[in-house]
Amino acid sequence: MPDRDELARRRYQKLVDRLESMMRAALKPQFKGYRGQLILSGDDLAELGDLKDVRHAAREAGRRLGWKTTTRLVGDRLFVLDERKVPEEIKQLAGDEAAAAIDRARHESQRPRG
C-alpha cells in the first residue's frame, strides 16, 4: 500500500492534470494559446479542494501550457490568468471580437420584444 505522501502526491498531480485540461479547454484557438483565463466558482473550489493547493496546482498547470500564470481571488471566485505579453496581432483580434460582441449585445437590446 502506498504511503500517505505518495497518495498526496498522486492526488495533487490529478488536480494539476484536471486544471490543465480545464485551462486548455478555455483557450480560444484563434488566440494561439494567448489570453488564457479560467474562472473557478466557489462551488468549483469546494469540489477541487484547499484553496492554497488549487492555486499552486493552477500555477503548475499554467507552466505546462507556457503561461505566466497568476491567480486572483475575488469574492468566492478564483481567476487563473495568463499574463504573458500578447503579440499585437492577437491583441487586435481580441479587440475586434470584443467590439463585435458589444455591437451584437447593443443590437439585441434594441430589438422590439413582444
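The values are calculated or read from the model by the stated rules, or taken from the named source; none is laboratory data. Keep in mind that this is a model prediction, so the values were computed, not measured. Note that we place each Cβ from the backbone using ideal geometry, even for glycine, and neighbour counts take in every protein chain shown. Areas reflect the complete protein model, heavy atoms only, side chains present, ligands, DNA and RNA absent. Shrake-Rupley method; radii C 1.70, N 1.55, O 1.52, S 1.80 Å.
Points worth noting:
- Charge-dipole axis of the chain as Lys and Arg at +1 and Asp and Glu at -1 on Cβ define it, positive-most pick from 39, 74, 86: 86
- Rounded D (µm²/s) - the chain, Kirkwood Rh over Cα pairs, Stokes-Einstein at 25 °C, 0.890 mPa s: 152 µm²/s
- Ranking by accessible area, most exposed first, for 45, 19 with a 1.4 Å probe: 45, 19
- Summary value for the chain: 25 percent relative contact order, contacts being C-alpha pairs under 8 angstrom separated by 6+ residues.
- Order by protection proxy (mean Cβ within 10 Å, highest first), peptides 50-56, 8-14: 50-56, 8-14
- Entry for the stretch 1-66 at q = 0.12, 0.17, 0.28 Å⁻¹: log10 I(q)/I(0) = -0.34, -0.62, -1.25, Debye formula applied to identical alpha-carbon scatterers, no solvent contribution.
- The Stokes-Einstein estimate for the stretch 33-94, based on a Kirkwood radius over Cα pairs and taken at 25 °C with 0.890 mPa s viscosity, is a diffusion coefficient of 200 µm²/s.
- The lysine pair count for the chain, using Cα distances under 24 Å and pairs eight or more places apart or on different chains, is 12.
- Charge tally for residue 76 (other residues, Cβ to Cβ under 12 Å; Lys, Arg +1; Asp, Glu -1): -1.
- Average accessible surface area per residue within the stretch 10-114, 1.4 Å rolling probe, Å²: 68 Å²
- Other residues within the sphere of radius under 11 Å centred on the Cβ of residue 21, judged by their own Cβ, net out at +2 (K and R +1, D and E -1).
- Percent carbon-and-sulfur accessible area, the chain, ignoring ligands, DNA and RNA, probe 1.4 Å: 50 percent
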